[in-house]
Amino acid sequence: LDLSVSWLGMKMSSPLFNASGVYCRTREELELVRRSAAGAVVTKSCTLEPRAGNPEPRYRRTALGSINSMGLPNEGYRYYLDYAQAYEDAKPLFLSVSGMTLDDTLTILAELAALKLPCLPEVNLSCPNLPGKPQLGYDFAASAEALEAISRAYARPFGVKLPPYFDPAHFAAMAAVLNAFPLLRFVTCINSVGNGLVIDLDSESAVIKPKGGLGGLGGDYVLPTALANVREFAVLLADKQVIGCGGVKSGAEAFMHILAGATAVQVGTCLHEEGVSAFDRIEAELAAIMQAKGYQRLDEFRGRLKTL
Ligand SMILES: CC(C)(C)CCc1c(C(=O)O)[nH]c(=O)[nH]c1=O
């Protein structure tokens, strides 16, 4: 069986890697993922300056997944550029960027471009927009402006992390924006499903402190939404790769994401809860499913989702 993935001039020995935000804030965490069975590594979204993030509790697991409002805690972009400069592993490294303003994002990307490092940026479009406006990824005009500025300032292949969309008109509108940028080589679908509210019955309280308890959902809650976003963008985007993220906790969901069109698959909530051994387990489960179905390689079923 061959579970490798070759794309954008990179080779991944496994289609699985971490979702930005999970096991990737510190060098120690990044090294755990790099030394694991994961096929790649992505860093926590970084900002110009280090950030402590929101007050705790800011992450909670639930029976159906997780809720978080971390608030972009990170070591500042220089920390991750330093890690990238010292990075010598054949395993691809992605650098997630989420500047507090577009200018910050452009500053970070310009320094990354100047270093001519092999790592690819994954620009987080769930990054804050102007006050009172929705996150960038939900503001199509602002997204187009940002992608135009990034294409000009960075002027090398890059990717974006997309929030989930829930309406065919939004899939079409965002695909039209994304298709206008040839340097945009991949999209990662999806980021957490925003602003859910998990309530604890006994305490009659929200379970996380920030934002009155509102936070992004991950895990089982989001799998169908993630699969829909992967399939829609895999169909609507011309000549770009789609990376699946959302609800992957076993070989079954990894298989579904690839069947929906994902080139590779990120693991978030499950990795946070299980640790990096999740990569060995999920990969073995994926291989067993392929074996049972008679598939030798991922490209024999990638994007081959049937409809009724
Ligand atoms: C939500 C933002 C804080 C604006 C971006 C960082 C982020 C966070 C976070 O750091 O709270 N959590 C997520 O599930 N996805 C994200 O993209």
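Please treat every number below as a calculation from the coordinates, not as lab data. Computed from a predicted model, the values in this text were never measured in an experiment. Quick reminder, even Gly has a Cβ in these numbers, built from the backbone with ideal geometry, and neighbours come from all protein chains shown.
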In terms of the ratio Rg/(2.2 N^0.38 Å) built on C-alpha atoms, what value belongs to the range 135-230?
1.30
Per the C-alpha gyration tensor (a ≥ b ≥ c, the square roots of its eigenvalues), the chain is rounded if a/c is under 1.5, else prolate if a/b beats b/c, else oblate; here it's rounded
When the chain is fully extended, how far beyond the present Cα-Cα distance does THR107 get from LEU48, taking 0.36 nm per residue of separation?
20.4 nm
Nitroxide proxy distance, nm - points 7 Å out along Cα→Cβ at ALA169 and ALA86:
5.1
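To the nearest 0.05, how large is the calculated FRET efficiency for ALA288 and SER6 if R₀ is 22 Å and r is the Cβ-Cβ distance?
On the way: r = 23 Å, r/R0 = 1.04.
Efficiency, from the Cβ-Cβ distance: 0.45.
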Multiplying the sequence separation of THR307 and LEU115 by 0.36 nm and subtracting their Cα-Cα distance, what value in nm do you get?
64.6 nm
Diagonalise the Cα gyration tensor of the range 1-102 and give the resulting equivalent ellipsoid semi-axes, square root of 5 times each eigenvalue, largest first, whole Å.
25, 19, 11
Under the Karplus relation 6.51 cos²θ - 1.76 cosθ + 1.60, θ = phi - 60°, what is the ordered set of whole-Hz ³J(HN,Hα) values for the range 13-26, x standing for Gly and Pro?
6, 9, x, 9, 8, 6, 7, 4, x, 10, 6, 7, 8, 10
Among 296-303, 32-39, how do they line up from the highest to the lowest mean number of other beta-carbon atoms within 10 Å?
32-39, 296-303
Relative packing of 118-126, 180-188, 1-9, which averages over residues the other C-beta atoms within 10 Å, highest first:
118-126, 180-188, 1-9
Stretch ALA180-ASP139 to full length: gain in nm at 0.36 nm per residue minus the Cα-Cα span?
13.2 nm
Determine, for each peptide in 190-197, 256-263, 205-212, the mean count of other beta carbons within 10 angstrom over its residues, then list the peptides with the highest first.
256-263, 190-197, 205-212
The equivalent-ellipsoid semi-axes of the range 185-280, taken as the square roots of five times the Cα gyration tensor eigenvalues and listed largest first in whole Å, are 28, 16, 10
